[in-house]
Structure formats: structure tokens, C-alpha cells
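Student: Attaching a single structure in C-alpha cells format; questions to follow.
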Amino acid sequence: MTHLTSDELIDAVEGTLDEARQQHLDTCGGCRQQAADLASVLGEALAVAVPEPSPLFWEHLSQRVRTVIAAEPPAAGGWGSWLRWPVLAPIAALALIVLALAVALPREARVAPEVTTSEASDIRVDDRFALVADLVGDFDWETAVSAGLTVAPGAADRAVLELTALEQQALTRLLQAELTRAKS
Amino acid sequence: MTHGSAVRNAWAPAGTTGWTVTVVKPTAPETAAVTSVDGMDDATLVAASIEGRRDAFDVIVERHRRTVYQVCYRFVSNHEDASDLSQESFVRAWRGLKTFKGQSALSTWLYRIAVNVCLNRVSVKTPPTDPIESSDHFEDTRVEGAQTALLREERAATVRKAIASLPKKQRATLILRTYHDLSHQQIADILGSSVGATKANFFHALANLKKLLGSEP
């Protein structure tokens, strides 16, 4: 009969191993030793308690939560939760920047020129991109998902197909440079 | 003239016959009774919170703060961070209440939030564990020798450190199974995995813990 699997060893430690496998455990020294080792370390982990905080801590925690949610919109959320300045301001600013860039840049400039790696790194220190980075810096993944700012399947493929030949070449060079940098 | 109405001519001179008006003071409008939130079950509290009853959410916090704090403490092993993470978990719960469908118990949903908050935080930084002699905690050492207590606390710190060094899912599984007695199915729901994967994670967590503790002096 085969030895106990990892699942079965856990069942053995927890006392839920089925009868047939229990018979193997009773006769197999190796499996018994493994189960005993797991039970021993589990016992040691169980002995570690969470220190009890001060009795005043619990009300203090409630008060902290109360204070924060007092400044939050109602739990009902929905679109209402997005119609507030802390959310709208960065989005509006971002939209204005994109609009300003689209208007200010001449059409020729929008066609991606030959981009070298050093130029690509210059992008990071460009003030406009720094501003964008600052504006979106506080957005975490959960916020983006709940705002519906996720990428639909195939969207990246379509975006690449819409690039001009020059833009595709520039993108390829940037990706290769990043891959080389990641490997080194 | 008889009138069936209670309204009679009260301003008619005395002794005159006619109408008598009895002014009936209108009763004060009944104020809407504010239902006490204290006795509400979790589902009712959630519904009341969504309707804007912040006092209902306060009761939710009160009921679950110890559990959430303990989960957080198990992840970070120090009071300050556990306290911050607990607060963050409840704030996220408030923001996400509308997404709580009641398919699982509120406690399971709160576990999920707390675990996610902790996993996100511990992936950013691994905070230091509490010093053994922490003034924030009350430890009654009168019943045993101070030296025994110190040795026990040292060993506990070693175990906490070993748990903190486990891979994230193994750590989460170990914490939820060992210290919160959640079933493998509940843990699978919280971590978005299967029962098989949860058992495998638990096995590897214990095996790794054994190795780590075995290598400690």
C-alpha cells in the first residue's frame, strides 16, 4: 500500500483520516513518524498565544475606526462615492493633462521617433510624467478594480495593433531594453 | 343646531346658545423610533450600515475587533502594526459593505479582508516583532518562575519569527487553521483556492516550520 499523501498526513494529524488509510498508518513506521513530527510542530505553534493588549485598546481601536469612517461617504457607495473631490480631483487633473498634451504636441511629434534606452529613461524624469505618477501613485489595485479601471482581455493586443510601424519599432526596442536590463 | 363634530363654538359669549368649539390640541407628531442596534444580528447590522447607520457598523467593529486584531497580530507579531492593520481592515470593510452579499458569514468576509490587508502589507515590509518585554502587554508571571516565563516567551518569539518567514499562503493557511480553527473549506474560500491546495499549504507550512525551528538553537 502506498504511503500517506500530504493531504492524508494532515487528515491523520487532525484525526479525520479514513479507516483504510488509518490501517496503513498503524503499520507504517515512516508515515507514523511523519504524522508525529507534524503533530509536534503544530502543538508548538498552538502554544504561542497573542499577547492580550491593554483593556483600553479595544475602545481605542473602535474610536479610530469611527473617526476614519466619519470622513467617509456612506457605505452604500455606488457612483456617489466617486463624486467627491479626493477622487475626482486626480481624475480631472489627469484628463486635463492628457488633453493638454494632445493639443500642445504637433501631429509629427505624436509619431514615435526613434527612442533609445537613454531617452526612455528620460521619460521617468519628465515633469509631466512625474506629475502623472504623483497623481496615480496612491491608487492601489483594489481601488483600480473597484473603479473599473482594469484592462479588458485582448485590449493590449488591440492597442499594439493600432500603433504605427514606427511606434511598434520603438515599443519593441523599449521592451528589449527592459528585458536586457531585467536579465542583468 | 347639533353637530356631530367635536368642534363647537367656544368664542360665543357665555350663556349664548350656539356653537361651542373645543380646541383639541394636536398631539405631537410621533418621532420615528430609532431601532437599537445592540441586539441586531450581523446581517441586520450590515443592512443598517448600508442604509447609513454608522452606529450599526460600530457594533460590527465591536463584535469582531478582537478576532480581526488577532489575525493581524499573527501576521505581523507586533502590536502597533496589528492595530493599524485592524483599523485598515475595518475601514475597507466599511467601504466594501455593499459588495457583501451574505453568502458567507460576516466573520468569514472580515477574515478575508484582514488576510488580504495583511498579505499586502507584509509583502511591502516585514515589520519587527514585539520585544519580549513589551510594556503594552500584561503578562502575569507571578504563578511561575520569571526564568521559565522568559524561556517560554523566547521560544514563542522564535516560533513567531519562523511563522513570519513562511511563504504568504502557507502562513495565512497556518494562521487561519491553527489559531482560528477555520475549516479547510473556509480557508479555501478566503484565499480563493481549493480544499486540496489548502491542505497542501498547511502540510508545507508545518513541514517548513519544523525545519526552521529545528535549525534554531
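Student: Check the range A:46-64 and report whether any residue there is out of contact with any helix residue (DSSP H, G or I) (no Cβ under 9 Å at 6 or more places or on another chain) and either at pLDDT below 90 or within 22 Å of B:His184 (Cβ to Cβ) (or both).
Tutor: Within the range A:46-64 (the criterion being out of contact with any helix residue (DSSP H, G or I) (no Cβ under 9 Å at 6 or more places or on another chain) and either at pLDDT below 90 or within 22 Å of B:His184 (Cβ to Cβ) (or both)), the answer is no, since none of the residues qualifies.
Student: Residue pairs, Cβ under 7 Å, 6 or more apart or interchain, first in the range B:44-62 and facing another protein chain (nearest Cβ under 9 Å), second part of a helix (DSSP H, G or I) and of a type in the set (S, T, N, Q). List them.
Tutor: The qualifying pairs are B:Phe57/B:Ser49; B:Asp58/A:Ser62; B:Val61/A:Ser62; B:Glu62/A:Ser62.
Student: Among the listed residues B:Leu212, B:Leu174, which satisfies the condition of being closer than 19 Å to A:Glu44 by Cα and within 9 Å of another protein chain (Cβ to nearest Cβ)?
Tutor: Among B:Leu212, B:Leu174, only B:Leu174 is closer than 19 Å to A:Glu44 by Cα and within 9 Å of another protein chain (Cβ to nearest Cβ).
Student: Still on this model: Just to be sure I understand the filter: pairs with C-beta atoms under 6 Å, separated by 6 or more residues or on different chains, first member in the range A:22-42 and more than 14 Å from every other protein chain (Cβ to nearest Cβ) and open to solvent by less than 70 Å² (accessible area, probe 1.4 Å), second member at pLDDT below 95 and not in a helix (DSSP H, G or I). Which pairs pass?
Tutor: The qualifying pairs are A:His24/A:Met1.
Student: Could you list, in sequence order, the residues of the range B:83-101 that are over 11 Å from B:Val117 (Cβ atoms) and at pLDDT 95 or above?
Tutor: Selection gives B:Ser83 alone.
Student: Here is a check on your reading of the model: is B:Leu206 within 10 Å of chain A (Cβ to nearest Cβ), open to solvent by 40 Å² or more (accessible area, probe 1.4 Å) and in contact (Cβ under 8 Å) with a residue 12 or more places away in the chain?
Tutor: no
Student: Still on this structure, I have one more. Checking B:Leu182 against (1) open to solvent by 50 Å² or more (accessible area, probe 1.4 Å); (2) in contact with a Phe, Trp or Tyr (Cβ under 8 Å, 6 or more places away or on another chain), which test does it fail?
Tutor: (1)
Student: From (1) modelled with pLDDT under 85; (2) away from chain A (no Cβ under 11 Å), pick out the condition that doesn't hold for B:Trp109.
Tutor: Just one mismatch for B:Trp109, condition (1).
The values are calculated or read from the model by the stated rules, or taken from the named source; none is laboratory data. Quick caveat: nothing in here was measured; it's all calculated off a predicted structure. Here Cβ is always computed from backbone atoms with ideal geometry, including for glycine, and neighbour counts include all displayed protein chains. The accessibility values were calculated without ligands, DNA or RNA, using every heavy atom of the protein model including side chains. Shrake-Rupley method; radii C 1.70, N 1.55, O 1.52, S 1.80 Å.
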